[in-house]
Amino acid sequence: MSDRRINTGHPYAAPFAARSAARLGAAMALYQLDMAGGPVSALVEEFRAHRLGARLDEEVELRAADEPFFEDLVRGAEARAVEIDALLTAALSEGWTLGRLDRPLRAVLRAAAYELLARPDVPAGTVIDEYLEVVKALGDKAQAGFANGVLDRVAREVRAPA
């Protein structure tokens, strides 16, 4: 299965690769975790039952996500939160803190940083490109450039040069 999404004109529309859908779902789940807390197991099950593969509106239906990949992203990012936040903080420009970022962007960066750390089977360029699409899909295209810089610095820190 390809790890790249197929452009359909709408960032959420099927056919949206199952891993791409998992990344979007993971960012949304990490955002919810940041907002409300709670046990990760319950959050993963809620997303499996009610959000992954859901219909957004009459015109857009999400493709089913790669659920094991989704679960790895959410559980892994939560389990390694201290390490991930330290990496992200180091990658931010001087004077910036994670607390200064809006929560959706912070959630996307956390999911991406986890994938860069823990999933060497996925090329760094693919990880960065996919999460930039998530940033855009969540409605803030202006933040994509900022996210690109942060994720590029994280990738250089955690991945050996090719």
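Structure above, values below:
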item	result
Contour excess over end-to-end distance, with Cα ends at A42 and E94 and 0.36 nm allotted per residue	15.1 nm
Vicinal HN-Hα couplings computed from phi for the range 93-102 (Karplus, 6.51 cos²θ - 1.76 cosθ + 1.60; Hz; Gly/Pro x)	5, 4, x, 9, 10, 4, x, 7, 7, 6
For the range 77-86, Karplus couplings with θ = phi - 60° (6.51, -1.76, 1.60), whole Hz, Gly/Pro x	5, 5, 5, 10, 4, 5, 5, 5, 5, 5
FRET efficiency estimate (nearest 0.05) - Cβ-Cβ, M35 to R156, R0 30 angstrom	0.50
Cβ charges +1 (Lys, Arg) and -1 (Asp, Glu), total dipole of the range 62-162, debye	260 debye
Dipole magnitude of the range 108-162, debye to nearest 20 (Cβ charges: Lys/Arg +1, Asp/Glu -1, about Cα centre)	140 debye
Accessible area per residue in Å² at 1.4 Å probe, computed on the range 22-162	49 Å²
Cα gyration tensor shape of the range 89-162, rounded if a/c is under 1.5, else prolate or oblate by comparing a/b with b/c	oblate
Trypsin sites (Lys or Arg not before Pro) within the range 70-145, DSSP loop, no more than 12 other Cβ atoms inside 10 Å	K141
For the range 34-50, 3J(HN,Hα) per residue [Karplus equation, 6.51 cos²θ - 1.76 cosθ + 1.60, θ = phi - 60°, Hz, x = Gly/Pro]	5, 6, 10, x, x, x, 5, 4, 5, 5, 4, 5, 4, 5, 4, 7, 10
E157, E45, E71, E94, ranked by accessible area, largest first (probe 1.4 Å)	E94, E157, E45, E71
Linear extension gain, A54 paired with R103, 0.36 nm per residue minus alpha-carbon span	15.4 nm
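The values are calculated or read from the model by the stated rules, or taken from the named source; none is laboratory data. No experiment lies behind these values; they were computed from the predicted model shown. FYI the Cβ positions are ideal-geometry reconstructions off the backbone, even for glycines, and counts take in every protein chain you see. The area values use the complete protein model at the heavy-atom level, side chains included, leaving out ligands, DNA and RNA. Shrake-Rupley method; radii C 1.70, N 1.55, O 1.52, S 1.80 Å.
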